[in-house]
1. Rounded to the nearest 0.05, what FRET efficiency is calculated for HIS160 and GLN269 with R0 set to 41 Å and r the Cβ-Cβ distance?
2. With +1 assigned to the C-beta of every Lys and Arg and -1 to the C-beta of every Asp and Glu, and no other charges, what is the dipole magnitude of the chain about the Cα centre in debye, to the nearest 20?
3. Straight-line reach only, C-alpha to C-alpha below 28 angstrom: list the lysines that LYS197 could link to, leaving out same-chain residues fewer than 8 apart.
4. With a ≥ b ≥ c the root eigenvalues of the C-alpha gyration tensor of the range 167-282, is it rounded (a/c under 1.5), prolate (a/b larger than b/c) or oblate?
5. Can you give me the distance in nm between label points at GLU127 and ALA113, each placed 7 Å from the Cα along the Cα-to-Cβ direction?
6. Within a 10 angstrom radius of the beta carbon, how do GLU93, GLU236 rank from fewest other beta carbons to most?
7. Sequence-distant or interchain residues sharing an amide H contact under 5 Å with ASP101, placed H: which?
8. Once the piece of chain linking VAL277 and THR175 is laid out straight, how much longer is it, given 0.36 nm per residue of separation minus the C-alpha distance between them?
Amino acid sequence: MVATDDVLDCNGRTLALTRSAIMGVLNVTPDSFSDGGRSLNSVDAVPHALEMAEAGADIIDVGGESTRPGAMQVSAQQEIDRVIPVIEALHSELAIPISIDTSKPEVMITAVAAGAGFINDVRALREAGAIEAAAKLAVPVCLMHMLGEPRTMQNAPAYHDVVAEVGVFLEARRTACVEAGIDARHIVLDPGFGFGKTVEHNLQLLRDLSALAPLGTPLLVGLSRKSMLKALLGLEVDERLHGSVALALIAVQNGARIVRVHDVAPTCQAIRLWERVAAGPQ
Ligand code: 7PM
């Protein structure tokens, strides 16, 4: 088991993992599905991020590429044009770390130069040049499991044992990253809920999340507003707040150290209350 520090140094800003951390989602994409078009550009995105920080976010995840099945491909330059003004503004207006949600090495390099201190990559640094770029930038990275590619990942995903297979993939990516020179203490793993998974796969991963924790690396989990809430409760995107809070809380109870959420205030309240209960008599 790899020793993990209780704090991550994110380009000079600290992300404490002594308690669960809340990652607020900031989409800077014209086709983002779940924020009702709120964060279309840097003008709207910056106040929204400040609001999330005020509500208790520990880190803001800025993304300029939609990973929605069937979403348009975006060039590195388009992604840079979308996210860099937002990262620069947030870096000057906020004290918490900023995460860049990208798979492209050019975007990682430009974002970290603009003040980002964490790389969230749904492709787990498998794009050409990404692992080398991340190693050189020396910021923490989140490696996520995805079966296939966004365009096709929901076409009848199948596993023999989803928890074991996701675990093997994450372990292999972690090893590849350490061999490429990434500090093991800078690695965070994510089972990738909804990324090439059926509802049953998602439920099994959530149930057995702690089976991924002995990998010795902090787990990040994203369940906020995801379509399993449609499948299980019939909820449309704008109706998924309560279910999302419940799923985030279950994830933390089962070992998640960072939760990636759209609705920071209610998630933060639920998790802080549970932590106080779990802490026992003071
Ligand atoms: C359409 C489908 C739009 C899915 C947006 C999404 C995760 C992530 C996303 C996650 C990490 C969403 C997702 N999900 N990064 N990026 N983990 N690390 O619901 O689960 O936000 S995009």
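Just so it is clear, none of the values below were taken in a lab; they were calculated from the coordinates. Owing to the predicted nature of the structure, the values given are computational and were not obtained by experimental measurement. Please note: Cβ atoms are built from the backbone with ideal geometry, for glycine as well, and neighbour counts cover all protein chains shown.
1. The computed FRET efficiency comes out at 0.55.
2. Using only the charged Cβ atoms, the result is roughly 480 debye.
3. Output for LYS197: LYS104, LYS226, LYS230.
4. oblate
5. 1.6
6. GLU236, GLU93
7. Under 5 Å from the amide H of ASP101: VAL62, GLY63, GLY64, ASN120.
8. Roughly 33.1 nm would be gained on extension.
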